[in-house]
Amino acid sequence: EKILKDKLPFQIDQIKDKKYNTLEGTLTVYAPKIFNELAEMDETGRDLAASLNLHYNFRRILKAGTTIGGGKSGEFFFFSTDNKLMIKIIKDSELKILLEILPSYYAYFQENPHSLISKIYGVFTFEAADKSEKYNLVLMRNVTAYPTRCIERKYDLKGSTYGRITVSEHADIPTSSLKYEGVLKDLDFLRFEKVLHIEDTLRPKLYSILEKDA
């Protein structure tokens with residue numbers, strides 16, 4: 001907390017005014033050199049400092065919690081104010097796998113800079129001093145970094161049909177109203193969209209990228 005008071009006195013005072021507490025603990029930063037290089041390969045990653053500027057993100061940080069934007073399993077998601085970045089919590093088992101595949105993940109992006117695989121810019125573990133809390137955090141690019149007014153519908157697609165539905169099959173809803181139904185899923189896509197319309201000039205390049213990524 002002393003470091004925070006020295007660096008960010010105004011924000012720390014605001015935190016105290018709102019009755020929030022700061023946690024003493026240890027932050028482990030994994031493979032910073034590799035992740036810095038991965039960030040530099042990507043346009044969004046080259047401007048991390050601006051997207052994570054505490055002054056602009058402060059209000060959103062104070063409102064953050066496990067119920068804000070999380071999935072059905074209650075994960076924590078935090079989106080930067082400019083919506084270019086997201087931070088999410090992952091399990092120990094997921095952290096282990098991510099670090100194991102990191103060399104091949106890094107090598108793949110060096111050879112395929114236009115890959116559509118999720119861009120990860122950093123992985124961290126915060127452990128509270130009293131060992132009562134521990135969080136593994138992933139900093140990554142938010143692929144839907146567009147103004148809300150530009151997004152008509154949003155789908156979370158996993159390539160499965162088991163339980164993958166948001167809108168009841170018995171509900172008669174026009175496509176124009178789907179934006180109010182939240183995040184849609186695979187069965188909703190098959191019902192309302194059926195196909196993706198891709199510009200002819202982009203299709204061969206997109207197919208090539210997806211084939212390599214797969």
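The values are calculated or read from the model by the stated rules, or taken from the named source; none is laboratory data. Please read all numbers here as calculations on a predicted model, not as lab measurements. Cβ coordinates were reconstructed from backbone atoms using ideal geometry, including for glycine residues, and neighbour counts include every protein chain displayed. Only protein heavy atoms, including side chains, enter the accessible area calculation; ligands, DNA and RNA are left aside. Shrake-Rupley method; radii C 1.70, N 1.55, O 1.52, S 1.80 Å.
Only one residue in Arg164, Arg191, Arg153 is within 29 Å of Ser51 (Cα to Cα) and basic (Lys, Arg), so which one is that? The unique qualifying residue is Arg153. Residues in the stretch 61-88 that are at pLDDT 90 or above and either farther than 19 Å from Val143 by Cβ or among the basic types (Lys, Arg) (or both): Lys84, Lys88. For Val123, the conditions (1) open to solvent by less than 90 Å² (accessible area, probe 1.4 Å); (2) more than 30 Å from Tyr106 (Cβ to Cβ) are fulfilled apart from (2).
On the stretch given as the stretch 163-193, residues that are loosely packed, with under 12 Cβ neighbours inside 10 Å and either acidic (Asp, Glu) or under 23 Å from Thr148 (Cα atoms) (or both) total 8. Which one is modelled with the highest pLDDT, of the residues in the stretch 194-214 that are open to solvent by 60 Å² or more (accessible area, probe 1.4 Å) and among the β-branched types (Val, Ile, Thr)? Among them, the one singled out is Thr201. Set side by side, the residues Ala171, Ala129, Ala145 differ, and just one is of a type in the set (A, V, I, L, M) and either without any contact (Cβ under 8 Å) to a residue 12 or more places away in the chain or touching a Leu at 6+ places or on another chain (Cβ under 6 Å) (or both), which is Ala171. Tell me whether the stretch 20-28 contains one or more residues that are at pLDDT 90 or above, more than 23 Å from Tyr146 (Cβ to Cβ) and under 14 Å from the mean Cα position of the chain (by Cα). No, the stretch 20-28 contains no residue that is at pLDDT 90 or above, more than 23 Å from Tyr146 (Cβ to Cβ) and under 14 Å from the mean Cα position of the chain (by Cα). Filtered by the rule that a residue be over 17 Å from Thr44 (Cβ atoms) and among the charged types (D, E, K, R), the stretch 72-131 gives Lys72, Glu75, Lys91, Asp92, Glu94, Lys96, Glu100, Glu111, Glu127, Asp130, Lys131.
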